[in-house]
Amino acid sequence: MRGVEIIGERLRLREVDPGDIDALLGVYGDPAATEHLPFDPKSRDEVIGIVEEALAAAEAEPRFLYLLAVVEVDTGQVIGVARIRIEADHPHSAEIGLGLRPDHWGRGMGTDLVRLVLRLGFGRLGLHRIWGARSPANTAAQLAMLVAGMVEEGRIRHHVRAKGQWRDSVVHSALEGEWEGRRSLGR
């Protein structure tokens, strides 16, 4: 699928483009935004590389990576990023990764973002299972995923090396047949 765009009440997802680099740096390069992520804040050059990888992935056939700009509907500003990585060996399953600028935290945007990504994954990409992993300390992500209809599956011990030490991850998932949003897709 090319030219992905999906619009919710407060957020819109669209393909990233080179004009988004500085806005994406507001997520990838921010120490607060990356506190619970398995990498240190990224430089502008590293964000350029991420966008270049996303543009190349958008041309691949089959397509396994969707990197989408999260746009606030009211302002038109890019305020975050959403990633869907389809598993090549299991093309009906995908991992998601999400990030919002810290100045947009605490307003329910994370829940809206998870719902929009699930809608895209189940409704347009035809996925059966969507999952995401979070730091155990990231209770805001936990709440966003649970409220959006994802189920907490369990903990992967010492899953990632982050900030110089091993860190567990907590996995959440949603299945197409269980997802509460399916009624709004006309199914």
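Data overview
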| quantity | calculated |
| --- | --- |
| Count of residues meeting criterion [touching a residue at least 40 places away in the same chain (Cβ under 8 Å) and in a loop (DSSP other than H, G, I, E, B)] in the range 134-151 | 3 |
| Which listed residue is without any contact (Cβ under 8 Å) to a residue 60 or more places away in the chain, in contact with a strand residue (DSSP E or B) (Cβ under 6 Å, 6 or more places away or on another chain) and either under 28 Å from ARG167 (Cβ atoms) or buried (at least 17 other Cβ atoms within 10 Å of the Cβ) (or both), from ALA88, ALA82, ALA57 | ALA57 |
| Subset of the range 12-31 (residues that are touching a Lys or Arg at 6+ places or on another chain (Cβ under 9 Å) and more than 20 Å from ALA57 (Cβ to Cβ)) | ASP22, GLY26, GLY29, ASP30 |
| Selection count where residues are surrounded by 16 or more Cβ atoms within 10 Å (Cβ to Cβ) and aliphatic (A, V, I, L, M), scope the range 36-49 | 2 |
| Hits in the range 1-35 - residues which are surrounded by fewer than 19 Cβ atoms within 10 Å (Cβ to Cβ) and either in contact with a Ser or Thr (Cβ under 6 Å, 6 or more places away or on another chain) or acidic (Asp, Glu) (or both) | GLU5, GLU9, GLU15, ASP17, ASP22, ASP30, GLU35 |
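One line per residue, one yes/no per condition, for (1) in a helix (DSSP H, G or I); (2) farther than 23 Å from ILE130 by Cβ; (3) at pLDDT below 95:
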residue	(1), (2), (3)
MET1	no, no, yes
GLU9	no, no, yes
LEU25	yes, yes, no
PHE39	no, no, yes
ASP45	yes, yes, no
LEU68	no, no, no
THR75	no, yes, no
ALA82	no, no, no
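The values are calculated or read from the model by the stated rules, or taken from the named source; none is laboratory data. Fair warning: this is a prediction, and the values are worked out from it, not measured in the lab. All Cβ positions, even for glycine, are placed from backbone atoms using ideal geometry, and neighbour counts span all protein chains on display.
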